[in-house]
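The values are calculated or read from the model by the stated rules, or taken from the named source; none is laboratory data. Please read all numbers here as calculations on a predicted model, not as lab measurements. Cβ placement follows ideal geometry from the backbone for every residue including glycine, while neighbour counts extend to all protein chains displayed. Heads up: the accessible areas ignore ligands, DNA and RNA and are worked out on the full protein's heavy atoms, side chains in. Shrake-Rupley method; radii C 1.70, N 1.55, O 1.52, S 1.80 Å.
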Amino acid sequence: MVLKIDRLPIELPIPTNPSANDAAAVQELLGGKFGEMSTLMNYTYQSFNFRGRKKLRPFYDLICSIAGEEYGHIEVVSYTINLLLTGVSKRGIDPTIAPLADGVNARNTYHFLNSGQTALPMDSMGKFWSGENVFSSGNLKLDLLHNFFLECGARAGKMRTYEMVSDPTAREMVGYLLVRGGLHVVAYAKALEVLTGVEVTKLLPIPDLSNDKFPEAKKFMNNKMHLKLYTFSEDDYTQVGQIWNGNHPEDGQPLEVIQGTIPGHAPPDLEEEPQLNAPGSDDYAYDPQMFADMAKKMGIKP
Ligand code: MN
Ligand code: MN
């Protein structure tokens, strides 16, 4: 089961230059082949499907812990897209002035036609994410090898998105995900080492450029976020430390397991876009007294 927390792993700045085309590029990190939908769903299904976990418990605990983290990654990428799309069309309720006209020239018209100028599970070319991106062979060595490759591919996508999009909201998010995805690369490399004895960490970094070349990533590394593996569970997945231990292969600092979650920050409150009727419901007025009266009638104690 999943316990939901209404927080994002990082504090996202408001974009200095909202841009529908930047948002379209960032979609690759959400619904691309190597995006967060793929990492989330790969590890989630591999955890459900894990056979023989009594014998291989630390590997199960590792995949479950990382699956838990990926949920927060789809959230933080989605919020980045949402912030980049906030205010990119003309605000107002008069349809005759064609308030969505700029959407015609945007790379992705779904953001205007099928959502409230918000994220959808698709890639940077508007192709929707598919379950075909999930690899869950049932063979632990093969699945770990796939996960290592998936995280390296995801890392390449993040680096290139950073090079395409200079907005600080996008770069803060990409910097954070480079660090956390970099940790996942090392985690799957170490898991393969424990399982097979092959020194997979010698291949790192893939691609060659180190995370500390990205100032936003460097900031998170200074806070040791490249060293801390979180279980995203109060009491479970306690054997993950049998894999996540020793020193980081790039800077030699000690690795650490943290039982629980990243403390996080409140998600940004997304402004209304009346020209899309998002959210609409203009006649609705929040009335705390009405809710209190209803609760009283139903016998619910305050
Ligand atoms: Mn991720
Ligand atoms: Mn990851």
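Counted over the chain with a bin width of 20 Å, the fraction of Cα pairs per bin, in whole percents, is 31, 51, 17, 1. Normalised by the number of residues in the chain, the mean separation of alpha-carbon contacts (under 8 Å, six or more apart) gives a relative contact order of 26 percent.
Comparing LYS33, LYS202, LYS54 in a Gaussian network model of the chain, where Cα atoms under 10 Å apart are tied by springs, the biggest mean-square fluctuation is seen for LYS54. Which of MET173, SER210, VAL194 sits closest to the plus end of the dipole of region 170-220, meaning its Cα is farthest towards the positive end, when Lys and Arg get +1 and Asp and Glu get -1 on the C-beta? Highest projection toward the positive end goes to MET173. Averaging 1/r over each pair of different alpha-carbon atoms in region 1-143 and inverting the result gives 16.9 Å, the Kirkwood hydrodynamic radius. Applying D = kT/(6 pi eta Rh) to region 176-228, where Rh is the Kirkwood radius over alpha-carbon pairs, T corresponds to 37 °C and eta to 0.692 mPa s, the Stokes-Einstein value obtained is 285 µm²/s.
Along region 97-107 the Karplus relation, 6.51 cos²θ - 1.76 cosθ + 1.60 evaluated at θ = phi - 60°, assigns HN-Hα couplings of 8, 6, x, 9, 4, 5, x, 4, 9, 6, 5 Hz to successive residues, with x for each Gly and Pro.
Mean projected area of the Cα convex hull of region 96-193, taken over all directions, amounts to 8.1 nm². The long axis of helix 168-196 is offset from the longest Cα principal axis of the chain by roughly 30 degrees.
Note on region 39-155: with charges restricted to the Cβ of Lys and Arg (+1) and Asp and Glu (-1), its dipole about the Cα centre is near 420 debye.
Going through region 202-302, which chymotrypsin sites (Phe, Trp or Tyr not before Pro) have at most 15 other Cβ atoms within 10 Å and a DSSP loop state?
Loop-located and lightly packed - TYR284, TYR286.
Per residue, the chain reaches -14000 deg cm²/dmol at 222 nm when only DSSP H runs of four or more residues are counted, each adding -39500 (n - 2.57).
If only the Cβ of Lys and Arg carry +1 and only the Cβ of Asp and Glu carry -1, the dipole of region 94-151 around its Cα centre is close to 120 debye. Hydrodynamic radius of region 206-282 by the Kirkwood approach over all distinct alpha-carbon pairs: 16.0 Å. Residue-wise HN-Hα couplings along region 244-254, as the Karplus relation 6.51 cos²θ - 1.76 cosθ + 1.60 with θ = phi - 60° gives them from phi, are 8, 8, x, 10, 5, x, 8, 10, x, 6, x Hz; Gly and Pro carry x.
Taking 29 Å as the limit for the C-alpha separation, the pairs LYS158/LYS224; LYS90/LYS158; LYS190/LYS224; LYS4/LYS219; LYS141/LYS228 exceed it in the case of LYS90/LYS158.
Expressed as a fraction of 2.2 N^0.38 Å, the C-alpha radius of gyration for region 166-302 is 1.59. Among ILE14, GLY31, GLY131, pick out the residue whose Cα is farthest towards the positive end of the charge dipole of the chain, where Lys and Arg carry +1 and Asp and Glu carry -1 on C-beta, about the Cα centre. Farthest towards the positive pole: GLY131.
Normalised per residue, the accessible area of region 21-105 is 41 Å², obtained with a 1.4 Å probe and no contribution from ligands, DNA or RNA.
Carbon-plus-sulfur fraction of the accessible area of the chain, 1.4 Å probe, in percent? Please report the intermediate quantities before stating the final value.
Details: 8570 of 15900 Å².
Roughly 54 percent, rounded to a whole number.
Using 0.36 nm per residue and subtracting the Cα-Cα separation, the extra length available between GLU256 and ASN114 on full extension is 46.8 nm.
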